[in-house]
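Q: What follows is a single structure, and I will ask about it in a moment.
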Amino acid sequence: MSHLDRAGHRASHVPFFLAATLARAQQRHGLSDEQLAALLHCSLDSLAHLRHCRLPATDQELAPIAHRFHVDQAALHSPLRRIRERERALNAC
């Protein structure tokens, strides 16, 4: 496991990073890193770097991230949308 992979694993426990959202999606759907990268239409190297990005607060912040790491923006948007919906529901209570 590379230093970047180990750092990504640590980041998966911090909600500030995309790694946390991606890890939840992987667990929910039983995806390996290879399967997640295929779903996002990116390389494993791009996925490793993507995990270290700050979780975008808006859809407008998502486009530059997707472009920078050669990720399918629509595929990346899906787990982020679910997280935002869940947070809105929790805040409404």
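Q: Express in whole angstrom the spacing between the alpha-carbon centres of the range 62-93 and the range 1-37.
A: 15 Å
Q: I'd like to compare 3-13, 46-56: which one has the highest average count of other Cβ atoms within 10 Å, and what's the full order after that?
A: 46-56, 3-13
Q: Further question: Treating only the Cβ of Lys, Arg, Asp and Glu as charged (+1, +1, -1, -1), what charge dipole size does the chain show about its Cα centre? Round to the nearest 20 debye.
A: Dipole about the Cα centre, nearest 20: 340 debye.
Q: Go through [x] 91; [y] 114; [z] 76 and flag the label whose value is the computed volume of the Cα convex hull per residue in Å³ for this structure.
A: Among [x] 91; [y] 114; [z] 76, the one calculated here is [x].
Q: To continue, here is another question. Using only alpha carbon pairs under 8 Å that are at least six residues apart, calculate the relative contact order of the chain and give it in whole percent.
A: 27 percent
Q: If I take R0 = 41 Å and measure r between the Cβ atoms of ASP45 and ARG84 in this structure, what FRET efficiency does the formula 1/(1 + (r/R0)^6) give, to the nearest 0.05?
A: With a Förster radius of 41 Å, E is 0.90.
Q: Still on this structure, I have one more. Where does each of VAL14, VAL71 land when they are ordered by accessible area, with a 1.4 Å probe and the largest first?
A: VAL14, VAL71
Q: Once the Cβ-Cβ distance between ARG68 and HIS13 is put in as r, and R0 is 22 Å, what FRET efficiency do you end up with, to the nearest 0.05?
A: Rounded to the nearest 0.05, the efficiency is 0.40.
Q: Taking the Cα atoms only, what angle lies between the long axis of helix 59-68 and the longest principal axis of the chain, rounded to 10 degrees?
A: That works out to roughly 0 degrees.
Q: Taking all protein chains in place and a 1.4 Å probe, what share, in percent, of the accessible surface of the range 20-84 do carbon and sulfur account for?
A: Accessible surface attributable to carbon and sulfur in the range 20-84 totals 55 percent.
The values are calculated or read from the model by the stated rules, or taken from the named source; none is laboratory data. This one's a predicted model, so the numbers in the text were calculated from it and none came from an experiment. Cβ atoms come from the backbone with ideal geometry, glycine included; neighbour counts cover every protein chain shown. Remember, those area values only see protein heavy atoms, side chains included, never the ligands or the DNA or RNA. Shrake-Rupley method; radii C 1.70, N 1.55, O 1.52, S 1.80 Å.
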